[in-house]
1. Sequence neighbours fewer than 8 away in the same chain don't count; with that in mind, list the lysines whose C-alpha is under 22 Å from residue 69.
2. Based on the Kirkwood radius over alpha-carbon pairs, what value in µm²/s does the Stokes-Einstein equation return for the translational diffusion coefficient of the chain at 37 °C and 0.692 mPa s?
3. To the nearest 0.05, how large is the calculated FRET efficiency for residue 110 and residue 157 if R₀ is 45 Å and r is the Cβ-Cβ distance?
4. Roughly how many nanometres apart are two label points built 7 Å out from the Cα toward the Cβ at residue 117 and residue 11?
5. Let's see if you can work this out: charge +1 on each Lys and Arg Cβ, -1 on each Asp and Glu Cβ, no other charges. What is the dipole magnitude of the chain about its Cα centre, in debye to the nearest 20?
6. Can you spot the aspartates and glutamates whose alpha carbon is less than 20 Å from residue 119's alpha carbon? Ignore those fewer than 8 places along the same chain.
7. Could you give the length gained on full extension between residue 46 and residue 70, defined as 0.36 nm per residue of separation minus the Cα-Cα distance, in nm?
8. Put +1 on the Cβ of every Lys and Arg and -1 on every Asp and Glu Cβ in the chain; which of 153, 86, 18 then has its Cα farthest towards the positive end of the dipole?
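Coordinate-derived values only; no laboratory data. On a predicted model such as this, the values are computed, not experimentally measured, just so you know. As a convention, Cβ positions derive from the backbone with ideal geometry for all residues, glycine included, and neighbour counts pool all protein chains shown.
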Amino acid sequence: MPQFDPSSYTSQLFWLAVTFVALYWVVARIAVPRIGEVLEQRARVIQDDLDRAMHLKAETDAAIAAYDKAMAEARSQAYEHMKTMQAEMKAVADKRTADVTADVGRQITEAEGRINAAKQQALDSIKSVAAETARDVVAKLAGLSPDGGAVDAAVAAALKDAR
């Protein structure tokens with residue numbers, strides 16, 4: 001192998017040094033600055049993305065806070081509206097109840113009046129039937145013809161005692 005020949009060591013070392021210096025110069029002058037630029041550009045892009053993400057997060061937090069505030073206001077307004085509607089419905093129900101109660105009271109009063117009138121008519125009818133029956137009974141049993149006023153007075157007294 002020619003690499004192990006001691007007579008070619010000097011030329012090998014020379015070309016090794018020349019190649020190493022040329023490669024070092026190429027890497028130091030061309031490759032490293034380009035890699036540095038790429039790394040700096042990536043760092044800038046990453047930092048810009050982070051800044052934009054922070055900005056968007058702040059906007060999102062503000063939007064969430066505004067949403068929560070709007071929801072709280074909407075709940076409050078809905079609660080107030082519900083309370084108002086309940087009060088209105090209660091007022092309407094109370095008014096209808098009062099109207100129905102008054103109407104039923106009036107109907108009861110009218111019915112009591114009609115009942116009392118019918119009762120009075122029935123009592124008057126009973127008085128006349130009782131007086132007529134008493135006259136007929138006295139006429140058949142005793143063979144007498146009693147006075148109509150006396151029979152009416154006796155029936156009225158008997159009915160008064162019965163009450």
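1. Partners found: 57, 83.
2. Here the translational diffusion coefficient equals 110 µm²/s.
3. The formula returns an efficiency of 0.85 here.
4. Computed distance between label sites residue 117 and residue 11 equals 15.1 nm.
5. Computed about the Cα centre, the dipole is about 180 debye.
6. Leaving aside aspartates and glutamates fewer than 8 places away in the same chain, those within reach of residue 119 are 110, 132, 152, 161.
7. Working it through step by step, the gained length comes to 5.1 nm.
8. Result: 153.
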